[in-house]
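A.B. asks: Right, I'll just put the structure down here and ask away after.
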Amino acid sequence: MKKFWLIFSNEYKRRVFTKGFLFGILSMPLFVGLMVGVGFLSVWLEYNALPVGYVDKNQVLVSQQQVPEDKKKLMPRVEALPFADEESARAAMEKQEIQAYFVLADDYLSTGQVTEVKDSKTGSNAEEHFGDFLTYNLLTGKPSEVVERLSQGNNIIIRSLDGKREMDKDNWLVVALPIVSGILFILAVNISGNYLLQAVVEEKENRTMEILVTSVSASQLMVGKVLANLLVGLTQLVIWILTALLAIKFFPSILPAGEMPTIDTGNVLLMIATLLPAFVMVAAAMGAIGATATEAREAQQITGWFTIPIVIPLWFISTIMFNPNGALSVAMSLIPITAPIALPLRATFTTIPTWQIALALTLLCLLAAFALWLSGKFFRLGMLRYGKRVRFREAFTRGK
């Protein structure tokens with residue numbers, strides 16, 4: 001057991017305390033930050049700070065007031081200026097005093113018809129901000145309960161027949177969490193799995209393994225490496241999650257902390273129980289491929305095929321959402337290679353029978369244990385074979 005912990009500790013430190021690991025950690029926040037920056041830049045380029053005008057011949061808006069500013073908004077609302085007629089509003093737009101103007105129809109209260117007049121310089125924010133201005137002024141003087149009710153809109157709550165599950169528009173994290181965790185799982189598996197694969201191939205090529213196996217068994221060596229790389233992947237996930245929480249805390253305009261939906265603890269525990277054995281299974285399989293490959297390039301080409309079956313549930317996400325108890329949804333949640341994403345995602349939309357959860361987790365754990373055994377077997381068979389590939393059937397026919 002002491003040798004196992006030495007292997008585990010050495011492998012973890014060797015991967016974490018490197019420039020490559022630091023770059024991998026920073027790559028995700030930088031990528032997300034770049035995407036947010038590009039999105040903000042595109043919105044800013046389409047934003048126009050000039051006021052908008054409106055023509056209200058029938059005095060629908062009795063006492064016009066500007067919409068109060070929301071401090072959480074990155075860009076302020078534009079001012080809405082009244083004009084007596086279209087001629088004066090058009091003249092103001094030609095002088096670039098306003099970016100566009102709106103004309104309320106004579107029967108606006110019954111039809112809601114508004115005509116917008118604009119040119120190519122009008123910002124994309126003009127319609128939204130004037131719509132908010134109309135709503136705010138039409139509700140002025142109404143009881144606070146009415147204003148709040150109309151402002152919030154409809155909120156349809158979907159409740160299961162047994163009353164144990166609920167979902168509404170504010171609880172978006174229930175759906176997003178398994179999808180995001182699945183994507184992060186794929187990234188972590190590919191990064192840390194490739195670490196393991198490269199380490200096995202390198203030690204096979206430079207004959208380091210010949211020294212290692214003189215003091216530790218091949219199985220202990222592979223289990224230590226797999227679990228160490230599992231912890232490397234978990235370290236990445238924890239850092240990324242903490243970074244996201246810090247971003248939410250210090251940049252509330254992106255996602256106000258006060259609006260954070262509640263998270264179902266049961267779903268989180270199910271995701272953890274599913275992802276951990278799945279990670280061990282895939283990492284051990286990559287280690288087995290590294291032990292059978294003759295060179296690192298060949299092994300890296302093979303590992304790309306592991307990602308395809310894992311992401312299959314994302315291709316059929318609409319099927320899982322609208323028919324979570326269908327044959328395809330149930331099958332994907334039970335098959336070990338697709339269960340890491342399909343099972344938590346399916347649990348979001350339906351109550352999964354206990355026997356199905358138990359069967360899926362049992363299959364995952366059994367396959368993870370089998371992958372660990374197989375990787376150790378391949379490692380032992382291939383440690384002295386340089387330039388010669390180990391065949392799959394040899395793991396069951398040799399060394400008995």
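A.B. asks: Post the alpha-carbon centroid distance, the range 221-242 to the range 81-101, in whole angstrom.
C.D. replies: 62 Å
A.B. asks: Obtain the nm distance between the two label points defined at ASN325 and LEU109 by a simple spin-label model: each point lies 7 Å from its Cα along the Cα-to-C-beta direction.
C.D. replies: Going from the ASN325 label point to the LEU109 one covers 5.1 nm.
A.B. asks: Right, next: So how far apart, in nm, are the two label points at GLN96 and ASN58 if each is 7 Å from Cα heading toward Cβ?
C.D. replies: 3.6 nm
A.B. asks: Then there is this: Given R₀ = 30 Å, FRET efficiency for LEU246-THR18 by Cβ-Cβ distance, to 0.05?
C.D. replies: Working from the Cβ atoms, E equals 0.80.
A.B. asks: Now a separate question. Label points 7 Å out from Cα along the Cβ direction at GLN356 and ALA176: separation in nm?
C.D. replies: 2.6 nm
A.B. asks: FRET efficiency for ALA84 and VAL32, Cβ-Cβ distance as r, R0 = 45 Å, nearest 0.05?
C.D. replies: On the way: r = 49 Å, r/R0 = 1.10.
Approximately 0.35, to the nearest 0.05.
A.B. asks: Apply 1/(1 + (r/R0)^6) to the Cβ-Cβ distance of TRP315 and VAL146, taking R0 = 51 Å, and write down the FRET efficiency to the nearest 0.05.
C.D. replies: Given R0 = 51 Å and the Cβ-Cβ separation, E is 0.65.
A.B. asks: Of THR338, THR135, how do they rank once you tally other Cβ atoms within 10 Å and put the fewest first?
C.D. replies: The most exposed by this proxy come first: THR135, THR338.
Each value in this text was obtained by applying a stated rule to the coordinates, not by laboratory testing. Small disclaimer: the values here were computed from a predicted structure and weren't measured. In this analysis, Cβ positions are derived from the backbone assuming ideal geometry, glycine residues included, and neighbour counts consider all displayed protein chains.
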